[in-house]
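Notes follow the structure.
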2 protein chains.
Amino acid sequence: MKIVKRPETMQGITMGLKRKGGTIGFVPTMGALHEGHLSLIRRARRENDIVIVSIFVNPLQFGPSEDLKRYPRPFGKDKKLCLQEGVDFLFYPDAGALYPRDFRTQISVKGLEDVLCGKSRPGHFRGVSTVVAKLFNIVQPDNAYFGQKDSQQAVIIRRMVKDLNMPLEIVVMPIIREKDGLAMSSRNAYLENKERETAPVVYRALQGAGTLVAKGIRDSGKIAAAIKNILISQKSGPVPVIDYVAVVDLESLLPVRTISRDARTLIALAARIGKTRLIDNVIIGRRKKGKW
Amino acid sequence: MKIVKRPETMQGITMGLKRKGGTIGFVPTMGALHEGHLSLIRRARRENDIVIVSIFVNPLQFGPSEDLKRYPRPFGKDKKLCLQEGVDFLFYPDAGALYPRDFRTQISVKGLEDVLCGKSRPGHFRGVSTVVAKLFNIVQPDNAYFGQKDSQQAVIIRRMVKDLNMPLEIVVMPIIREKDGLAMSSRNAYLENKERETAPVVYRALQGAGTLVAKGIRDSGKIAAAIKNILISQKSGPVPVIDYVAVVDLESLLPVRTISRDARTLIALAARIGKTRLIDNVIIGRRKKGKW
């Protein structure tokens, strides 16, 4: 495995690889790798000649009061994991190399970035879209792998790739969970003991919603209310503070009134436990070809 | 020469060409080709294995009160010119294919797009950046050719390409002029007889500025005043209505107070003659390596 720091070096390598006709699988990450990331890397490894992982804690997607400084950066451990998974190139750029002083360009996916998590994180998804476009241009992937946990991110990146005619496929992989159901996330490391014990209620609430849908309840208002009820009825430990619970179309992110089996509906939520913001989601409805 | 309408077909062709290692030169146009465009095509022909010209009157870069419908579309003539110049592929997409109903993505180059022409054409340069990024992703050029006449466009596209790490070079070519000095433009066709006779004053005003700089006058205020004076002193025919006269840094587009021989300074103007908006510019100062 080769570690590459400079964007121009990485791009020189990938342009050369493309000319040789090899396929490139790309897993962009912010590091602090967990089993969720590893599931993406493993699939990339199965489906491509070359696997490139990037580790970059992107300042552009953090708000001024967010956890940019505090975000975990266990590079030594991440490097070892990438090596174990047969990664070919680990792209590990500096912020200064990706954002020189006179950097000015911004990609916006209108209508998808100001809802759900975008409401409480203004500018976050513009930061995500912009850095992902940059990484795609540097890494030149045929396939890029994202986790369903960041569902809004996946929806936005898919839309951007389609809208800008980027020549690659976006593959979205299922959420990987701890044994007690908590969705794996680098930010789970922030949870203190009591908070960690409480955290699985987030997924239990989504499972509760799934059960209601399975029973034939289709009204999104009732589903959202049931989720909120489970969250705030949390007895032992800190009660989650709900940011949002949303029942939306998986492509447009527009609210869905009545859940249909024939459409893909995203039930997503964000809640704070202590100071830690957790997100999770489930997708309802029949999967369509070429979609997630 | 092959005419390609569908973006996916064009991209399939270019991805195949890249794999074979050929270089692609790209000239994006809105058609109504004149000698300015042809100079770009000829240079692309000299410098690349494959030359692709696109003709697309991009609705995204026209304001609601602008000349989208009226813009000339002499496709038969354009096709013939491309054939004569040895173009390999003429990419001629429909608006519906580039902008499906659910299109949402927008590229912004902050700070460069709301000045000069951007002031009176809100959204114009976002439309330009977005379509050019799409075309680059479809056509996969090694080199893309733009005219200096649209100087702000060239500055913005250069910045976008650098900021988004797009793997290509932007080549900016000099303005091609009619014998009387009028910068060639597809929009010159709108000028009525008297207006056409008046139009060369635009370049005469810029030449006047050049003479002042050559004489050692470095104060941008004086230069701009001299340009405006020449424009409004126009005696025979309609007097041009000045939109702006700007003396700015060629990279940042920020106003320059004192013109230096060691910096690249753009002196640009826009003026209406009758209903037709004309733009023109000159660049002062020593050319740096790899710049225009």
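The values are calculated or read from the model by the stated rules, or taken from the named source; none is laboratory data. This is a predicted model, so every value here is computed, not measured. Cβ sites come from the backbone with ideal geometry, for glycine too, and all protein chains shown count toward neighbours.
Quick one: which residue in A:VAL155, A:VAL139, A:VAL115 is within 13 Å of another protein chain (Cβ to nearest Cβ), of a type in the set (Val, Ile, Thr), within 17 Å of the chain's Cα centre (by Cα) and buried (at least 20 other Cβ atoms within 10 Å of the Cβ)?
It is A:VAL155.
Please give the number of the condition A:LYS228 fails out of (1) part of a loop (DSSP other than H, G, I, E, B); (2) farther than 24 Å from A:GLY36 by Cα.
Only one criterion in (1) part of a loop (DSSP other than H, G, I, E, B); (2) farther than 24 Å from A:GLY36 by Cα is unmet by A:LYS228, namely (1).
Within the stretch B:166-178, which residues are within 11 Å of another protein chain (Cβ to nearest Cβ) and surrounded by 20 or more Cβ atoms within 10 Å (Cβ to Cβ)?
Of everything in the stretch B:166-178, just one residue is within 11 Å of another protein chain (Cβ to nearest Cβ) and surrounded by 20 or more Cβ atoms within 10 Å (Cβ to Cβ), namely B:MET166.
Regarding the stretch B:235-247, can at least one residue be identified that is within 14 Å of another protein chain (Cβ to nearest Cβ), surrounded by fewer than 18 Cβ atoms within 10 Å (Cβ to Cβ) and in contact with an Asp or Glu (Cβ under 9 Å, 6 or more places away or on another chain)? Lay out the reasoning, then the answer.
Taking the stretch B:235-247 first, the residues within 14 Å of another protein chain (Cβ to nearest Cβ) are none.
The answer is no, given that none of the residues of the stretch B:235-247 is within 14 Å of another protein chain (Cβ to nearest Cβ), surrounded by fewer than 18 Cβ atoms within 10 Å (Cβ to Cβ) and in contact with an Asp or Glu (Cβ under 9 Å, 6 or more places away or on another chain).
Filter the stretch B:9-59 for residues that are within 14 Å of another protein chain (Cβ to nearest Cβ) and of a type in the set (Ser, Thr, Tyr) and give the result.
B:THR9, B:THR14, B:THR23, B:SER54
Residues of the stretch A:252-262 being away from chain B (no Cβ under 14 Å) and either assigned to a loop (DSSP other than H, G, I, E, B) or closer than 18 Å to A:GLY118 by Cβ (or both), which ones? Let's see the steps before the verdict.
Taking the stretch A:252-262 and keeping what is away from chain B (no Cβ under 14 Å), we get A:255-262.
Within the stretch A:252-262, A:PRO255, A:VAL256, A:ARG257, A:ILE259, A:SER260, A:ARG261, A:ASP262 qualify.
Could you please find all residues in the stretch A:231-251 being under 30 Å from A:LYS289 (Cβ atoms) and part of a loop (DSSP other than H, G, I, E, B)?
Selection gives A:LEU250, A:GLU251.
So the check is Cβ under 6 Å with 6+ separation or different chains; which pairs have a first residue in the stretch B:265-292 that's closer than 19 Å to B:VAL172 by Cβ and a second one that's hydroxyl-bearing (Ser, Thr, Tyr) and at pLDDT 95 or above?
That search, which allows pairs on different chains as well, returns B:LEU266/B:SER151; B:ALA268/B:SER151; B:ALA270/B:TYR244; B:ASP280/B:TYR203; B:ASN281/B:SER151; B:ILE284/B:THR265; B:GLY285/B:THR265.
List the number of the failed condition for A:ASP163; all other conditions in (1) in contact with a helix residue (DSSP H, G or I) (Cβ under 7 Å, 6 or more places away or on another chain); (2) among the acidic types (Asp, Glu); (3) facing another protein chain (nearest Cβ under 8 Å) hold.
So the condition that A:ASP163 fails would be (1).
Mind telling me which of the residues B:PHE91, B:PHE75 ends up being among the hydrophobic types (A, V, I, L, M, F, W, C), in the same structural domain as B:VAL132 (by TED's automatic domain parsing) and in contact with a Gly (Cβ under 8 Å, 6 or more places away or on another chain)?
B:PHE75
Has the stretch A:134-143 got any residue that is in contact (Cβ under 8 Å) with a residue 24 or more places away in the chain, of a type in the set (A, V, I, L, M) and more than 25 Å from A:ASP88 (Cα to Cα)?
Checked the stretch A:134-143: no residue is in contact (Cβ under 8 Å) with a residue 24 or more places away in the chain, of a type in the set (A, V, I, L, M) and more than 25 Å from A:ASP88 (Cα to Cα).
Of the numbered conditions (1) closer than 25 Å to A:ILE175 by Cβ; (2) touching a residue at least 12 places away in the same chain (Cβ under 8 Å); (3) within 14 Å of another protein chain (Cβ to nearest Cβ), A:ILE107 fails exactly one; give the number of that condition.
The one condition A:ILE107 does not meet is (1).
Regarding the stretch A:229-238, can at least one residue be identified that is closer than 30 Å to B:ILE107 by Cβ and free of Cβ contacts under 8 Å to residues at least 60 places away in the same chain? Can you show your working first?
Let us first name the residues in the stretch A:229-238 that are closer than 30 Å to B:ILE107 by Cβ, namely none.
Taking every residue of the stretch A:229-238 in turn, none turns out to be closer than 30 Å to B:ILE107 by Cβ and free of Cβ contacts under 8 Å to residues at least 60 places away in the same chain.
Condition first: surrounded by 17 or more Cβ atoms within 10 Å (Cβ to Cβ), among the β-branched types (Val, Ile, Thr) and in the same structural domain as B:LEU266 (by TED's automatic domain parsing). Can you find one or more residues in the stretch B:225-232 that meet it?
For the stretch B:225-232, residues surrounded by 17 or more Cβ atoms within 10 Å (Cβ to Cβ), among the β-branched types (Val, Ile, Thr) and in the same structural domain as B:LEU266 (by TED's automatic domain parsing): present.
Among A:VAL57, A:VAL87, which is closer than 24 Å to A:ARG6 by Cβ and under 19 Å from the mean Cα position of the chain (by Cα)?
When all the criteria are applied, what remains is A:VAL57.
Listed residues B:PHE75, B:PHE89; which is surrounded by 21 or more Cβ atoms within 10 Å (Cβ to Cβ), over 20 Å from B:GLN153 (Cβ atoms) and at pLDDT 95 or above?
Details: B:PHE75 fails: surrounded by 21 or more Cβ atoms within 10 Å (Cβ to Cβ).
Answer to the check: B:PHE89.
On the given criteria, is B:GLY208 surrounded by fewer than 19 Cβ atoms within 10 Å (Cβ to Cβ) and over 25 Å from the mean Cα position of the chain (by Cα)?
no
Take residues that are under 17 Å from A:VAL139 (Cα atoms) and tell me which of the helices (runs of 4 or more DSSP H) falling wholly in the stretch A:1-116 contain 3 or more.
Helices (runs of 4 or more DSSP H) meeting the threshold: A:7-19, A:35-47, A:95-98.
Kindly indicate whether any position in the stretch B:61-70 is surrounded by fewer than 22 Cβ atoms within 10 Å (Cβ to Cβ), away from chain A (no Cβ under 14 Å), within 30 Å of A:TYR99 (Cα to Cα) and within 19 Å of the chain's Cα centre (by Cα).
For the stretch B:61-70, residues surrounded by fewer than 22 Cβ atoms within 10 Å (Cβ to Cβ), away from chain A (no Cβ under 14 Å), within 30 Å of A:TYR99 (Cα to Cα) and within 19 Å of the chain's Cα centre (by Cα): present.
Does the stretch A:230-252 include one or more residues that are under 19 Å from the mean Cα position of the chain (by Cα), at pLDDT 95 or above and aromatic (Phe, Trp, Tyr)?
Yes: the stretch A:230-252 contains one or more residues that are under 19 Å from the mean Cα position of the chain (by Cα), at pLDDT 95 or above and aromatic (Phe, Trp, Tyr).
Please determine whether any residue of the stretch A:160-183 is modelled with pLDDT under 95 and either within 30 Å of B:GLN140 (Cβ to Cβ) or among the polar types (S, T, N, Q) (or both).
Within the stretch A:160-183 (the criterion being modelled with pLDDT under 95 and either within 30 Å of B:GLN140 (Cβ to Cβ) or among the polar types (S, T, N, Q) (or both)), the answer is no, since none of the residues qualifies.
Output the residues belonging to the stretch A:22-42 that are within 16 Å of A:ARG73 (Cα to Cα) and among the small types (Gly, Ala, Ser).
Of everything in the stretch A:22-42, those that are within 16 Å of A:ARG73 (Cα to Cα) and among the small types (Gly, Ala, Ser) turn out to be A:GLY31, A:ALA32.
Of all residues in the stretch B:272-287, count the ones that are of a type outside the set (Asp, Glu) and either loosely packed, with under 12 Cβ neighbours inside 10 Å or under 16 Å from the mean Cα position of the chain (by Cα) (or both).
Count: 9.
When the stretch B:118-130 is examined, which residues are found to be at the interface with chain A (Cβ under 10 Å from one of its Cβ atoms) and touching a residue at least 60 places away in the same chain (Cβ under 8 Å)? Can you show your working first?
To start, the set of residues in the stretch B:118-130 that are at the interface with chain A (Cβ under 10 Å from one of its Cβ atoms) comprises B:126, B:129-130.
Residues satisfying the conditions are B:ARG126, B:THR130.
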